[in-house]
Amino acid sequence: PLDPPTASTQLETMISNQTRVKNQMVGGQLGARYFTHYDRWTVSGELRAFSMANFQSANRATRAYTTEYSGGPAINVDVVATNYTTGTGFEHATNTEFVFGFEARAEAAYQLTKAFSVRGGIDVIDFAGGIWRGANFTALKGQPTDQDLQMAGYTFGIEFNR
């Protein structure tokens, strides 16, 4: 334990409420891919459908980091002691859900020279249900564990063939 603060010391406490959620998915996918060439252009598209078992776990805890300084509130004081406690409110929960969804990708590549090409595209992933996305800092029991999730992004790359 740290000494109580006096006129010559100061305590600083940071309280952190943390919730960590893990989605561990195991399953399979089935898909199709299409490529075609137009002069210097290569255009491609992919579509995949997947289904998985999602083994979920979540932890919730309150942690406190306390630092004791050698002087009052001033710059360039020395740290006398630090303390870390997990505190109250630690909770752990697990769950299993069924996840299904798809991934779609479209891409175009332009061949600049015989050995060098530039490509770009878009990618969309949809988990239609079964995801535990996060929890408010309240009890883990009763939190929604069957949520959906959509992600989209751009791809860019260069290709060098010798």
Kindly indicate whether Ala53 is within 23 Å of Gly134 (Cβ to Cβ), at pLDDT 95 or above and within 23 Å of the chain's Cα centre (by Cα).
yes
Scanning region 105-138 for residues that are farther than 16 Å from Trp41 by Cα and either in contact with a Pro (Cβ under 9 Å, 6 or more places away or on another chain) or open to solvent by less than 50 Å² (accessible area, probe 1.4 Å) (or both) gives Asp123, Ile125, Asp126, Phe127, Ala128, Gly129, Gly130, Ile131, Trp132, Arg133, Gly134, Ala135
Give me a count of the residues in region 13-25 that are open to solvent by 100 Å² or more (accessible area, probe 1.4 Å) and under 19 Å from the mean Cα position of the chain (by Cα).
3
Do we find that Arg40 is open to solvent by 60 Å² or more (accessible area, probe 1.4 Å) and more than 34 Å from the chain's Cα centre (by Cα) in this structure?
yes
Among the residues of region 95-152, the number that are over 30 Å from Tyr38 (Cβ atoms), of a type in the set (Val, Ile, Thr) and under 18 Å from the mean Cα position of the chain (by Cα) is 3
Give me a count of the residues in region 75-104 that are open to solvent by less than 50 Å² (accessible area, probe 1.4 Å) and among the aliphatic types (A, V, I, L, M).
5
Please state which one of Tyr34, Tyr38, Tyr65 is out of contact with any Asp or Glu (no Cβ under 6 Å at 6 or more places or on another chain) and either modelled with pLDDT under 85 or acidic (Asp, Glu) (or both).
Tyr65
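The values are calculated or read from the model by the stated rules, or taken from the named source; none is laboratory data. Here the structure is a predicted model, which means the values were calculated and not measured. Using ideal geometry, Cβ is built from the backbone for each residue, glycine included, and neighbour counts are taken over all protein chains shown. Note: areas computed on protein heavy atoms with side chains; ligands, DNA, RNA excluded. Shrake-Rupley method; radii C 1.70, N 1.55, O 1.52, S 1.80 Å.
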